[in-house]
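What follows is a set of notes on a single structure, which appears directly below.
What follows is calculated from the coordinates using simple rules that are stated; it is not laboratory data. Remember, it's a predicted structure, so these values are computed and weren't measured experimentally. All Cβ positions, even for glycine, are placed from backbone atoms using ideal geometry, and neighbour counts span all protein chains on display.
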Amino acid sequence: MKTIVFIGTNKSGSSREAIKAAEQLGYFTVVFTNREKQLEQRQQYPDIHELVYIDIENITEMRKEIKKLQFQGKEILAILSFVDSSVHTASTLSDEFCHNYASTEAIFKMENKQETRLALENESYTPKFHILSPGKTISINEIPNLDFPVMVKSPKSTGSKDALLAENKKQLEKNLVKLQEKYPKDLLIIEEYIDGDQYLVEALIHNGKIHIAGVLEQEITKGKRFIVTGYGVLAEVPDKLEKEINQVLQSIVTRLNLHNGALHLEMRRSKNGWKLIEINPRISGGAMNKMLQAAFGFNLVEETIKLYLGEEPYLHRKTNNFVFTQHLIVSNKGILEKVTGRNRATHSPGVVEVYVKPKKGTLLTPPLSMGHRYAYVIAKGNSMEEAKQLAKTAANEIKFHMVEEY
């Protein structure tokens, strides 16, 4: 029985769509999960043929479970993860149990922000940075060529959770203490804050060749964290922009010795040229797969699975639409009573999909991470301006009615 094992999944988004794609391709799907709720809601996951409750941070236990699957006669063709922090673990297990077309070492460097910075330290697109050892204190004056504002990050930070802005010495000291208390055994990264338009690039690498799946403009909402609340998929990428992005990607592929794999980059176009904010060794989560499908007609998670099975990905555009996704956040903390306007948003012009995540009784909070985005609207248009306007107009129909907490 030709089997693909997935480590972790969310209820929706890219990680779930990858499992659905594997099932549609005819593979037996096994998912390792550490979420009891998914076992309780087992009937909501018909695309998962076997759901195994296990500690996905315990690689020894997962090894035992994979051996059980093999003993049952399941042929493990790939072990994959489309979830933060498990991509490297999945690749490590693939090295042991099946033919791994990806590079575990390259994935490790992309998954850890410290390793990313060190591997690309001498490149012009790498921001100035300083690595702070666990428990150490430091003054901005001790860091050569680094001025305020700066960002303080955990190397394991994902979804904006542990990336804090410091505009002065007092904020720097406060943010260092905050992250050191949360991660007492981990080092921290202090790096220059980059001002400029932010872009996201989704790509697959096959035999060293770069296949760009999409270039997106990002809208950032700055509150206690930097939260991406808008994504615009460019149907047409200006030649100069495309050339510059390709140059950065080619440099990264070369420096990391990356022959096969999926990745996305977040970059800012500053007055001093392109600067790399971060790399992740997977497709972006959330609505990314659906955005690209609405724009170009291909299924990126399906092509990613093919890549990890040794096949060449095929990112042929069947359509060419400008697409914009508007995410919704809340400004106050409260218990959700009801959501209105979903149907009106769904039937608004140009809308491709509306998704609302929280159920009645959920505690909603102003965003401290990307996980605190509570709904999105995807719309397409003949230009970026049109797609953006249609998405924002439809999103304005959705209201979260809450009993506020003070």
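A P(r) calculated from all alpha carbon pairs of the chain, with 20 Å bins opening at zero, reads 25, 59, 15, 0 percent. Kindly state, to the nearest 0.05, the FRET efficiency for residue 362 paired with residue 55, given R0 = 30 Å and r defined as their beta-carbon distance. Computed FRET efficiency for residue 362 and residue 55: 0.70.
What is the list of residues in region 234-264 whose amide nitrogen lies under 12 Å from a point 7 angstrom out from the Cα of residue 126, following Cα to Cβ? Residues 252, 255-256 fall inside that zone.
Over the chain, dividing the summed -39,500 (n - 2.57) contributions of all DSSP H runs of at least 4 residues by the number of residues returns a 222 nm mean residue ellipticity of -9000 deg cm²/dmol. Label positions at residue 337 and residue 181, each projected 7 Å from the Cα along the C-beta direction, are separated by 3.5 nm. Which one of 173, 96, 115 has the biggest mean-square fluctuation once the chain is modelled by GNM with Cα springs under 10 Å? Maximum fluctuation in the GNM of the chain, among the listed residues, is at 96.
Relative contact order of the chain, taken over Cα pairs closer than 8 Å and 6 or more residues apart, is 14 percent.
Net charge dipole, the chain: roughly 920 debye, given to the nearest 20, about the Cα centre with Cβ charges of +1 for Lys and Arg and -1 for Asp and Glu. Once the C-beta distance of residue 383 and residue 41 is scaled by a Förster radius of 56 Å, the resulting FRET efficiency is 0.85 to the nearest 0.05. Look at 42, 269, 373 and count the other Cβ atoms within 10 Å of each Cβ; fewest to most, that gives 42, 269, 373.
If R0 equals 30 Å, the separation of the Cβ atoms of residue 369 and residue 170 corresponds to a calculated FRET efficiency of about 0.80.
With 20 Å as the limit, the listed pairs 136/185; 37/357; 271/388 have 271/388 beyond it between alpha carbons. Simple spin-label estimate for residue 236 and residue 23 gives 4.0 nm between the two label positions (7 Å along the Cα-to-Cβ direction from each Cα). Each label point was placed 7 Å from the Cα along the Cα-to-Cβ direction; for residue 64 and residue 319 their separation is 4.8 nm.
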